[in-house]
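Working notes for the structure below.
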Amino acid sequence: DISQQSSRPIYLRIVDYAMSNILAGSWQPDQRIPSVRELSVALSVNTHTVLKAFDMLSDAEIIVSRRGMGYFLTPDARRRVDELRRNEFYTSTLPELASTLRELGITIDDLTEISGLFSDRYESNRRR
C-alpha cells in the first residue's frame, strides 16, 4: 500500500514499497516480482509511474528485466537495499535528526538514556 497522503512523488513511494517487500522477505532473490501492469493495478497508479520506479530499481541493480519473462530480483537485492537505506539514513535522516536535537537542546547522553528505554520496550515486546 502506498499512502496518498504523502507529498513524496508516487514513483519514489513505489520504490519504497518494493524495498519494503524485499526487506520483509515477501520478494525473494531471483524471484519474479509483479509486472508493471500488475503493480499499477494493485496500487491504482499509472503504468508509466511504475515503470519509472522499476527503472530506478534497475539502475540500482535491485531488479533485472528478463526479456519475455518480466522483472526479477537480483541475487544481492537485499544487500543493495540495505546499502541504499543506510546511505539515505546517513545523508538525510541523521543530519535532520542532529539538527532537531540541537534545536531542542537534547544531548547525546539524553539520547542514549532514552534509546535504552526504547530498546528495553522492544526486547520485552519481542519476548511476548
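The values are calculated or read from the model by the stated rules, or taken from the named source; none is laboratory data. If you're wondering where the values come from, they're calculated on a predicted model, not measured in any experiment. Here Cβ is always computed from backbone atoms with ideal geometry, including for glycine, and neighbour counts include all displayed protein chains. What goes into the accessible areas is simple: the full protein's heavy atoms, side chains included, and nothing from ligands, DNA or RNA. Shrake-Rupley method; radii C 1.70, N 1.55, O 1.52, S 1.80 Å.
Using Cα springs under 10 Å in a Gaussian network model of the chain, which residue among Arg79, Arg66, Arg13 shows the largest mean-square fluctuation?
Result: Arg66 has the largest fluctuation of those listed.
Helix-only estimate, please: 222 nm mean residue ellipticity of the chain, summing -39500 (n - 2.57) across DSSP H runs of length 4 or more and dividing by its residues, to the nearest 500.
Roughly -19500 deg cm²/dmol at 222 nm, from the helical runs in the chain.
With Rg and the Kirkwood Rh both taken from Cα atoms, where does Rg over Rh land for the stretch 9-124?
1.11
Pop out the carbon and sulfur fraction of the accessible area of the stretch 21-128 as a percent, whole number, probe 1.4 Å.
After summing per-atom areas, the C and S share lands at 52 percent.
Note down the nm distance, to one decimal, between modelled labels 7 Å out along Cα→Cβ at Asp16 and at Ser44.
Each label point is offset 7 Å from its Cα along the Cβ direction, giving 1.8 nm.
Nearest 10 degrees, 0 to 90: what angle lies between the long axis of helix 94-104 and the longest principal axis of the chain (Cα atoms)?
Once rounded, the angle reads 30 degrees.
Relative to the longest principal Cα axis of the chain, at what angle does helix 10-24 sit, 0 to 90 degrees, rounded to 10?
Approximately 80 degrees, to the nearest 10.
If you roll a 1.4 Å probe over the heavy atoms of the protein chains, what accessible area per residue do you get for the chain, in Å²? Could you put the intermediate results ahead of the total?
Values: 8980 Å² over 128 residues.
On a per-residue basis, the chain sits at 70 Å².
What is the angle, in °, between the Cα long axis of helix 108-127 and the longest principal axis of the Cα atoms in the chain? Nearest 10 is fine, range 0 to 90.
Once rounded, one gets 60 degrees.
Kindly sort Glu83, Glu113 by accessible area of their heavy atoms, largest first, with the probe set to 1.4 Å.
Heavy-atom accessible area, descending, gives Glu113, Glu83.
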